[in-house]
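Inspection log for the structure reproduced underneath, given as structure tokens.
The values are calculated or read from the model by the stated rules, or taken from the named source; none is laboratory data. Predicted, not measured: the structure shown is a model, and the values here were computed from it. We place every Cβ from the backbone using ideal geometry, glycine too, and count neighbours over all the protein chains shown.
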Amino acid sequence: MGTMIALTAADGHSFAAYRAEPTGTVKAGLVVVQEIFGVNQHMRRVADGFAAAGYLCIAPALFDRTQRNVELGYDKDAVAAGREIRGKVTWEQVMLDCAAAQRAAAAAGKVGSVGYCWGGSVSWLCATRLKVAAAVCYYGGQIVPFAQEKPARPVQMHFGEHDHGIPLTDVEKIRHAQPGIEINIYPADHGFNCDERATYHAESARLAREHTLAFFAKNLS
């Protein structure tokens with residue numbers, strides 16, 4: 001369904017992005033933010049899924065600033081590699097690239113963001129710094145350090161209660177700092193939305209997608 005395109009950030013950096021376009025009526029645009037594994041097959045399928053629901057999706061390759069064509073799997077070595085690459089990209093650079101993706105997605109009208117794992121934290125910053133029209137954050141483990149930032153538009157979050165990397169105490173810190181956002185907790189582990197990971201939890205993924213689509217239908221129409 002999708003194609004790879006080239007985008008240019010405000011600082012002149014040129015990078016790749018996956019563009020998935022609906023075949024029917026276009027509802028709005030979405031910036032789909034990768035995990036630490038790059039814009040791999042799974043993330044492209046996620047973008048395709050939202051495109052099938054009517055959203056023009058742009059999934060920026062946020063690792064292109066340090067290493068291009070990153071497509072990792074989900075074993076222990078891949079996790080270590082993804083974390084190493086992630087550590088070489090600054091939040092400021094990520095925001096520049098997401099802003100370029102936001103501009104590309106704006107061809108469809110209002111623009112929201114949705115991100116997973118590291119991308120869940122990035123999606124939160126899209127809400128607070130890029131002022132996207134609506135943001136969804138799946139198990140963003142680095143949201144707490146930025147929890148005091150104020151989103152301009154509605155935000156929805158999804159966490160797994162068995163996620164050892166994001167304890168429920170962290171979720172409560174977010175809830176306390178941002179009482180106006182919607183937080184959903186599922187009987188699942190980290191990465192429960194990814195059907196290529198051992199922690200995939202089909203029912204939680206289904207419910208979270210239902211909540212996400214209803215949230216975008218309400219806030220991006």
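Structure above, values below:
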quantity: Selected residue (only one of D11, D75 is more than 21 Å from S121 (Cα to Cα) and free of Cβ contacts under 8 Å to residues at least 60 places away in the same chain); calculated: D75
quantity: Test: T128 is assigned to a helix (DSSP H, G or I), touching a Lys or Arg at 6+ places or on another chain (Cβ under 7 Å) and among the hydroxyl-bearing types (S, T, Y); calculated: yes
quantity: Selected residue [at pLDDT 95 or above and farther than 26 Å from A81 by Cβ] from V26, V33; calculated: V26
quantity: Residue list for segment 117-160, filter: in contact (Cβ under 8 Å) with a residue 40 or more places away in the chain, hydroxyl-bearing (S, T, Y) and more than 17 Å from L30 (Cβ to Cβ); calculated: Y139
quantity: For T128: the one exception among (1) hydroxyl-bearing (S, T, Y); (2) surrounded by fewer than 24 Cβ atoms within 10 Å (Cβ to Cβ); (3) touching a strand residue (DSSP E or B) at 6+ places or on another chain (Cβ under 8 Å); calculated: (3)
quantity: All positions within segment 75-99 that are buried (at least 19 other Cβ atoms within 10 Å of the Cβ) and either within 18 Å of A198 (Cβ to Cβ) or at pLDDT below 95 (or both); calculated: G82
quantity: Residue tally, condition surrounded by 14 or more Cβ atoms within 10 Å (Cβ to Cβ) and touching a residue at least 24 places away in the same chain (Cβ under 8 Å), over segment 163-181; calculated: 8
quantity: Matching strands (runs of 3 or more DSSP E) fully within segment 1-77 where at least 1 residues are among the β-branched types (V, I, T); calculated: 2-8, 28-33, 55-60
quantity: First in segment 197-221 and over 19 Å from A53 (Cβ atoms) and in contact (Cβ under 8 Å) with a residue 60 or more places away in the chain, second anywhere and small (G, A, S) and assigned to a loop (DSSP other than H, G, I, E, B), Cβ under 9 Å, 6 or more apart; calculated: R197/G191; A198/G191
